[in-house]
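Reviewing the structure listed below.
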Amino acid sequence: MGFESYSGPASSFPPMSSWQSFEQIFNANKSEMFQTGNTGEDIGRIWNAVLEAAKIGVEERVIFCIIMQESTGNVGVETTSNMDGNATGGLMQCVGSPAFPGQHNLSQEQISSMVQAGTNHFKDNLRELDDQDTGSTIYRALRLYNSGSLNDGNLSDGKGAIDSYVSDLANRLQGRLP
């Protein structure tokens, strides 16, 4: 299906009503997760971890789309560094997350620890704004998650991070694959 390009303020991004369900998005991405070397158990544990992490007030589909954008759901993804030189690891590639580079067939506890760390980080981004479950707040928080800064007039201004990050996530939330 391919990605469409979105830019500008949050109001220029697709409304939440156009987003697919968590189950639809998850199922559409299973083959990509298997291609990383994940086992079926790893993938099932990602599902469980997302449902558990969402209990702090973050949409399941947003958590999962961050996972797919950051690591393609690879439980053994390599640790990288952010613009400040801090290690970013785990499924959601965030500072302070546990990581298991090169490993697969992880326990539920290991996978959940990565998803919880990233979800906590994203929840902090939501709290920096108004902590509302609205498309506007979520898109703006995604910009903060990726770059640490926000240009409300253009969410595709990565300020040194990935410019297309919020646009890519908007596409994933609609069930599109890259």
(message) Given a 1.4 Å probe and heavy atoms of the protein chains only, how would you sort Lys55, Lys123, Lys30, largest accessible area at the top?
(response) Lys55, Lys30, Lys123
(request) Let me have the 222 nm mean residue ellipticity of the chain computed from DSSP H runs of 4+ only, each contributing -39500 (n - 2.57), with the sum over all residues rounded to the nearest 500. (result) -14000 deg cm²/dmol
(request) Arrange the residues Trp19, Trp47 by how much accessible surface each exposes, largest first, with a 1.4 angstrom probe. (result) Trp47, Trp19
(message) At a threshold of 8 angstrom on Cα-Cα distance, excluding pairs fewer than six apart, so keeping six or more, what relative contact order does the chain reach in percent?
(response) 30
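Over 23 Å apart: what share of the alpha carbon pairs of region 47-145 falls there, rounded to a whole percent? Mind dumping the intermediate values first?
Values: 933 of 4851 pairs.
That tail contains 19 percent of the Cα-Cα pairs.
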(message) Starting from 0.36 nm per residue, how many nanometres of slack lie between Trp47 and Glu32 once their C-alpha separation is accounted for?
(response) 4.0 nm
(request) For region 1-140, give the percent of accessible area contributed by carbon and sulfur heavy atoms, probe 1.4 Å, rounded to a whole number. (result) 46
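Whole number in Å², please: accessible area per residue of the chain, 1.4 Å probe, ligands, DNA and RNA not counted.
43
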(request) Evaluate the distance, in nm, between pseudo-label points positioned 7 Å from the Cα of Asp152 and of Arg127 along their respective Cα→Cβ axes. (result) 2.1
(message) Give the lysines reachable from Lys55 as a straight Cα distance under 17 Å; neighbours fewer than 8 places away on the same chain don't count.
(response) Lys123
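The values are calculated or read from the model by the stated rules, or taken from the named source; none is laboratory data. Since we're looking at a predicted model, the values are computed, not measured. As a convention, Cβ positions derive from the backbone with ideal geometry for all residues, glycine included, and neighbour counts pool all protein chains shown. Each accessible area value is taken on the protein alone, full model and side chains, heavy atoms only, with ligands, DNA and RNA left out. Shrake-Rupley method; radii C 1.70, N 1.55, O 1.52, S 1.80 Å.
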